[in-house]
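Participant: Before anything else, here's the structure in question.
The values are calculated or read from the model by the stated rules, or taken from the named source; none is laboratory data. Every value quoted in this text rests on a predicted model; they were computed, and no experiment measured them. Cβ coordinates were reconstructed from backbone atoms using ideal geometry, including for glycine residues, and neighbour counts include every protein chain displayed. Note: accessible area is taken over every heavy atom of the protein model, side chains too, but ligands, DNA and RNA are not part of it. Shrake-Rupley method; radii C 1.70, N 1.55, O 1.52, S 1.80 Å.
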Amino acid sequence: MSNPTTPAPALAITEEHRAEGLATRVVEILADPANPSRRSLPAYQLAARLAFETAAANAEQPVGRP
């Protein structure tokens, strides 16, 4: 796990891409009530949220911003 004060831009980009893919999958599941993955929806939602959080925590921030 990276130090919260040290940005890891490659990880941030990878996690953002993964989160966007998971979010797309969530929308696909929600759009089809008969989707067999519907029971896994909470897991997809949690994984997307955690991936977005990881991306944000590891992104480089502009100087003077938290």
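Participant: Quickly run through segment 32-61 and pick out the residues that are surrounded by fewer than 14 Cβ atoms within 10 Å (Cβ to Cβ) and either in a loop (DSSP other than H, G, I, E, B) or in contact with a helix residue (DSSP H, G or I) (Cβ under 7 Å, 6 or more places away or on another chain) (or both).
Facilitator: D32, P33, A34, S37, R38, E60, Q61 - these are the residues of segment 32-61 that are surrounded by fewer than 14 Cβ atoms within 10 Å (Cβ to Cβ) and either in a loop (DSSP other than H, G, I, E, B) or in contact with a helix residue (DSSP H, G or I) (Cβ under 7 Å, 6 or more places away or on another chain) (or both).
Participant: Kindly indicate which of A19, A8 is among the small types (G, A, S) and modelled with pLDDT under 95.
Facilitator: When all the criteria are applied, what remains is A8.
Participant: Can you name the residue in segment 16-30 that is open to solvent by 80 Å² or more (accessible area, probe 1.4 Å) and more than 30 Å from T6 (Cα to Cα) and, of all such residues, is nearest to the chain's Cα centre (by Cα)?
Facilitator: Ranking the candidates gives V27 first.
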